[in-house]
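J.: There's a structure below that I have some questions on.
The values are calculated or read from the model by the stated rules, or taken from the named source; none is laboratory data. Predicted model only: the values in this text are computed from it and were never measured. Here the Cβ is made from the backbone with ideal geometry for all residues, glycine too, and neighbour counts use every protein chain on show.
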Amino acid sequence: MRTLKIATATVILTAGLALAACSPTAEAPAGGPDELPAGAQVDADATISIGSMYEPQNLDNTSGGGQGVTEALTGNVYEGLFRLADSGEVEPLLAASHEMSEDGLTYTFTLQEDATFSSGKPLTADDVVYSLEKVTADDSQSARKSQLAVIDEAIAVDDQTVEVTLSERSISFIYNLTYVWIVNSEFSGDRKANADGTGPYSLGQWTRGSALSLERRDDYWGEPAKNAEVVFQYFSDATALGNALLTGAVDVVTSQQSPDSLAMFETGGDFVINDGESTTKLLLAFNDAAEPFDDVRVRQAVSYAIDDEKLLESIWGEYGTLIGSMVPPTDPWYEDLTSLDPYDTQKAAELLDEAGYPDGFTFTLDTPSYDPHPTAATFIQSQLADIGVTVEINTITADEWYTKVYQNRDFEATMQEHVNDRDLVWYGDPDFYWGYDNAQVQEWVAQSELVASEAEQTELLKLVAQTTAEEAASEWLYLYPQIVVATNAVSGYPLNGLNSQFFAYDIEKSV
Amino acid sequence: MTRYLLRRAVFLVVSLVLASVVLFLLLRVLPGDPANALVAVGATDEQIAAARAQVGSDLPIFQQFWAWIGSVATGDLGTSFVSGLPVGDEVATRLRVTLPLTFLAFVLAVVIAVPCGYIAATRARTWYGAALNAVAQLGIAVPVFWLGMILIVIFALNLRILPAGGFPLGGWGDAPAALTNLVLPVATVAIIMSASLIRYVRSAVLDVAGSDFVRTARAMGSSFGGAMRRHGLRSAAVPVVAVMGMELASTLLGAVVVEQVFALPGLGSMLVTGISEHDYPVIQGVLVISTLAVLMIGFAADIAQRIIDPRLRDRLSEASA
């Protein structure tokens with residue numbers, strides 16, 4: 001009953017094209033198991049209980065709400081001008097239509113006419129202007145703040161029209177807008193504890209540490225949700241989450257993070273395990289700016305000496321995907337580059353010889369203390385011992401990682417999971433923590449944002465992916481699986497959860 | 001007695017202040033900066049500096065301490081670095097889970113432990129007295145999380161008569177559901193707590209049973225039960241009350257484990273999240289409230305002992321918690 005990977009692969013092929021056109025596309029088919037069992041009666045007023053490990057830190061995605069707030073509220077309570085569908089396509093949402101000027105610097109958006117906030121106020125251009133300014137404000141912690149800094153000015157032409165001027169061309173502008181919630185500019189409460197969006201649900205109740213509920217809006221401007229209520233139940237313990245699913249306390253788990261507990265759901269036929277595509281990459285990131293990893297040959301040697309496939313299998317079993325670069329299959333510029341990073345200890349030894357380390361060397365691997373990093377680090381340690389390289393594992397907390405590695409760049413090599421899609425572009429920033437400095441790559445990355453078509457952008461970023469892969473800028477160990485587990489009684493849930501989104505409005509539950 | 005109460009109150013305040021200083025300093029010794037939680041990936045140095053200014057981690061440690069202790073004194077536990085929401089509100093919400101859990105478990109444990117301990121002492125030579133004793137020994141060796149998981153497997157996963165965890169979204173507004181959700185966690189804590197209480201009750205009863213005054217009472221014609229009821233139990237209760245106070249306090253602090261196993265939104269899980277996020281106001285808030293609770297439990301146990309035993313009333317407190 002598991003959804004085949006082929007299904008998601010087809011979706012990816014179309015993603016780039018749809019993105020190029022950016023025209024209104026038919027709603028992507030909802031995910032989940034194909035259908036509810038034959039003869040099952042759908043309950044239109046069902047309460048869907050969703051189990052998750054990611055509780056929001058607060059309810060504002062520009063104030064550090066974290067991935068939990070994206071999961072619970074994006075697309076459900078808050079909507080953007082555009083939506084990143086589960087398939088990776090960008091679809092218009094609150095923007096009924098939009099136009100771009102010849103020079104690519106001015107965008108004019110016409111808003112959906114009937115859209116209202118859950119407080120009842122109609123959506124106006126002022127709200128859009130306010131929301132854009134909120135994302136780029138000094139104190140904003142939005143994930144797309146730096147990319148949206150390209151906005152020079154946003155003005156409300158009339159109630160239904162917004163004009164945005166950019167300081168330079170930005171091919172990803174529309175895509176980046178999928179991150180921007182349109183909030184009510186006249187909202188007077190605390191956005192960290194309350195929500196007022198234009199989506200198919202209004203916020204019900206949020207009990208911190210426990211659960212958050214959403215209630216279907218009957219006055220929603222689009223197609224109403226297929227269930228009456230959604231309750232996100234939060235867990236900090238994977239076993240407790242598994243028990244909740246087993247006992248029927250939750251219907252679906254957004255992202256199963258514990259490979260070991262999957263076995264419970266594989267037998268019996270009461271549950272469906274969906275293996276979707278994530279954008280989370282596990283990296284062995286070298287400090288490309290310091291010895292010994294400033295030498296391409298040393299980086300390549302280490303990459304060749306690690307058997308990624310075996311590592312993935314030992315951690316995730318049959319789940320997960322191998323990647324040869326920073327690009328996950330859902331990014332438009334994905335191509336299979338795994339052949340550039342073969343498992344070849346012979347070649348690795350030769351490269352080390354050439355680089356002047358015939359007897360190997362010793363380096364410290366700063367390893368975040370939470371799973372799966374320690375396991376992966378031990379694996380790497382034993383693999384590199386085969387080519388005479390000694391790894392000293394230094395376990396650190398997430399917070400220490402941020403200070404020591406990310407801010408001070410005081411490291412030789414580290415492990416880290418990078419969750420965002422389209423984050424290949426960080427290799428074009430020599431000041432990023434891994435210190436990869438290649439003038440040609442920087443040029444391509446900068447250029448890729450200024451081009452006029454998605455095709456050109458894709459072309460340039462493919463070059464970036466190839467070059468960084470050839471130079472082993474980092475060692476991309478594998479792409480995490482995105483596993484959604486659900487009971488048989490529900491269908492229509494998203495499978496990929498791109499950028500941690502989890503659209504709940506199409507979920508149906510049988511009586 | 002008034003003088004004693006006054007002394008005890010002063011002691012309580014001084015302890016609380018000292019504990020605050022220690023926990024404040026200990027937190028600052030940890031590596032890392034709480035401002036990290038506030039900045040996005042790719043933050044510039046200016047943004048990081050702004051975040052440090054916002055959480056106050058750029059100020060000298062004394063200034064940070066005074067600012068915090070000043071607001072705590074006025075009942076304001078501050079604002080979480082991470083969520084930007086008031087800590088006091090969240091502590092209050094979460095106490096609504098942790099306090100009922102702890103006190104229900106405590107009452108249940110006492111109800112189980114007192115008769116069982118008495119029987120284990122007075123019927124030590126019968127098979128059930130010995131069995132009780134053995135079970136109590138075993139109970140002490142069992143970790144809370146293990147017992148919790150076993151109860152989940154039996155009652156939630158197999159029998160399906162109780163929920164495996166969680167707490168209703170409506171909290172106590174949905175009282176039947178809230179109580180149902182607390183059954184297994186309360187049972188878990190109560191079983192573990194009663195195991196050690198049984199042993200204390202048993203040894204206190206044995207102590208008293210062998211005492212001169214019980215022997216004298218029996219010599220004057222009283223039955224053993226009568227002598228124990230009239231003279232013995234009151235005496236035996238004094239050390240048991242002290243132990244109960246300690247058990248109650250450690251359960252309150254140890255709630256974190258059982259809350260984790262049963263996915264309960266209590267104070268313990270708030271502390272765990274706060275620590276992992278380096279959220280000083282949350283950690284400090286939870287610890288100050290817990291410290292206060294523990295000191296007050298000690299205080300209450302002290303008073304209870306004095307009510308039970310008149311001999312203690314006239315003695316000045318040795319300031320034992």
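J.: Of all residues being among the hydrophobic types (A, V, I, L, M, F, W, C) and closer than 20 Å to A:Val298 by Cα in the stretch A:413-428, which is farthest from the other protein chains (Cβ to nearest Cβ)? Just the residue, please.
T.: Filtering the stretch A:413-428 down to residues among the hydrophobic types (A, V, I, L, M, F, W, C) leaves A:413, A:415, A:419, A:424-426.
Adding the requirement that they be closer than 20 Å to A:Val298 by Cα leaves A:413, A:415.
Details: A:Ala413: 19, A:Met415: 16 Å.
Residue satisfying both the conditions and the ranking: A:Ala413.
J.: Of a type in the set (A, V, I, L, M, F, W, C), touching a residue at least 60 places away in the same chain (Cβ under 8 Å) and within 24 Å of B:Phe65 (Cα to Cα): does that describe B:Val282? Outline the logic, then answer.
T.: Numbers: of a type in the set (A, V, I, L, M, F, W, C): yes; touching a residue at least 60 places away in the same chain (Cβ under 8 Å): yes; within 24 Å of B:Phe65 (Cα to Cα): yes.
Taking the combined requirement at face value, the residue satisfies it.
J.: Take the residues in the stretch A:102-118 that are touching a strand residue (DSSP E or B) at 6+ places or on another chain (Cβ under 9 Å) and loosely packed, with under 15 Cβ neighbours inside 10 Å, then tell me which one is farthest from A:Val157 (Cα to Cα).
T.: A:Asp114
J.: Can you say whether A:Ile323 is under 30 Å from A:Ser453 (Cα atoms) and assigned by TED's automatic domain parsing to the domain that holds A:Ala473, as far as the supplied structure shows?
T.: Yes.
J.: Of the conditions (1) in contact (Cβ under 8 Å) with a residue 12 or more places away in the chain; (2) surrounded by 15 or more Cβ atoms within 10 Å (Cβ to Cβ); (3) in contact with a helix residue (DSSP H, G or I) (Cβ under 9 Å, 6 or more places away or on another chain); (4) under 16 Å from A:Phe293 (Cα atoms), A:Asp437 fails just one. Which one is it?
T.: Looking at each condition in turn, A:Asp437 falls short on (3).
J.: Now for a different question. Given the conditions (1) more than 14 Å from chain B (Cβ to nearest Cβ); (2) part of a loop (DSSP other than H, G, I, E, B); (3) modelled with pLDDT under 95, and given that A:Gly199 satisfies all but one, which numbered condition is not satisfied?
T.: (3)
J.: Considering the stretch A:216-242 alone, what residues qualify as being at pLDDT 90 or above, surrounded by fewer than 19 Cβ atoms within 10 Å (Cβ to Cβ) and within 12 Å of another protein chain (Cβ to nearest Cβ)?
T.: If the condition is that a residue be at pLDDT 90 or above, surrounded by fewer than 19 Cβ atoms within 10 Å (Cβ to Cβ) and within 12 Å of another protein chain (Cβ to nearest Cβ), then A:Glu229 is the only one that fits.
J.: Among the residues of the stretch A:381-398, is there at least one that is touching a Pro at 6+ places or on another chain (Cβ under 8 Å), under 26 Å from A:Ser236 (Cβ atoms) and not in a strand (DSSP E or B)?
T.: Yes, there is a match, as at least one residue in the stretch A:381-398 is touching a Pro at 6+ places or on another chain (Cβ under 8 Å), under 26 Å from A:Ser236 (Cβ atoms) and not in a strand (DSSP E or B).
J.: State which residue is surrounded by the fewest Cβ atoms within 10 Å (Cβ to Cβ) when the search covers only the stretch B:190-216 and only residues that are of a type in the set (Gly, Ala, Ser) and modelled with pLDDT of 85 or more.
T.: B:Ser203
J.: Anything in the stretch B:154-171 that is outside any loop (DSSP other than H, G, I, E, B) and within 11 Å of chain A (Cβ to nearest Cβ)? List them, or say none.
T.: Once the filter is applied, which keeps residues that are outside any loop (DSSP other than H, G, I, E, B) and within 11 Å of chain A (Cβ to nearest Cβ), the stretch B:154-171 yields B:Phe155, B:Ala156, B:Leu157, B:Asn158, B:Gly171.
J.: Which residue is farthest from A:Ala489 (Cα to Cα), if the candidates are limited to the stretch A:225-277 and must be of a type in the set (Ser, Thr, Tyr), part of a loop (DSSP other than H, G, I, E, B) and in contact with a Phe, Trp or Tyr (Cβ under 9 Å, 6 or more places away or on another chain)?
T.: A:Ser255
J.: Suppose we filter A:Glu71, A:Glu99, A:Glu91 for residues that are surrounded by fewer than 19 Cβ atoms within 10 Å (Cβ to Cβ), away from chain B (no Cβ under 14 Å), over 17 Å from A:Asn184 (Cβ atoms) and modelled with pLDDT of 90 or more; which single one remains?
T.: Sole residue among the options that is surrounded by fewer than 19 Cβ atoms within 10 Å (Cβ to Cβ), away from chain B (no Cβ under 14 Å), over 17 Å from A:Asn184 (Cβ atoms) and modelled with pLDDT of 90 or more: A:Glu99.
J.: Could you pull out the residue among A:Asp437, A:Asp410, A:Asp431, A:Asp399 that is over 23 Å from the mean Cα position of the chain (by Cα), more than 28 Å from A:Asn496 (Cβ to Cβ) and within 14 Å of another protein chain (Cβ to nearest Cβ)? Full working, then the answer.
T.: Working: A:Asp437 fails: within 14 Å of another protein chain (Cβ to nearest Cβ); A:Asp431 fails: over 23 Å from the mean Cα position of the chain (by Cα); A:Asp399 fails: over 23 Å from the mean Cα position of the chain (by Cα).
Within the list A:Asp437, A:Asp410, A:Asp431, A:Asp399, the selection yields A:Asp410.
J.: Can you list the helices (runs of 4 or more DSSP H) lying wholly within the stretch B:39-141 that have 1 or more residues being among the polar types (S, T, N, Q) and under 22 Å from the mean Cα position of the chain (by Cα)?
T.: Answer list for the stretch B:39-141: B:87-122, B:127-141.
J.: Do we have A:Val327 as surrounded by 16 or more Cβ atoms within 10 Å (Cβ to Cβ) and in a helix (DSSP H, G or I) here?
T.: no
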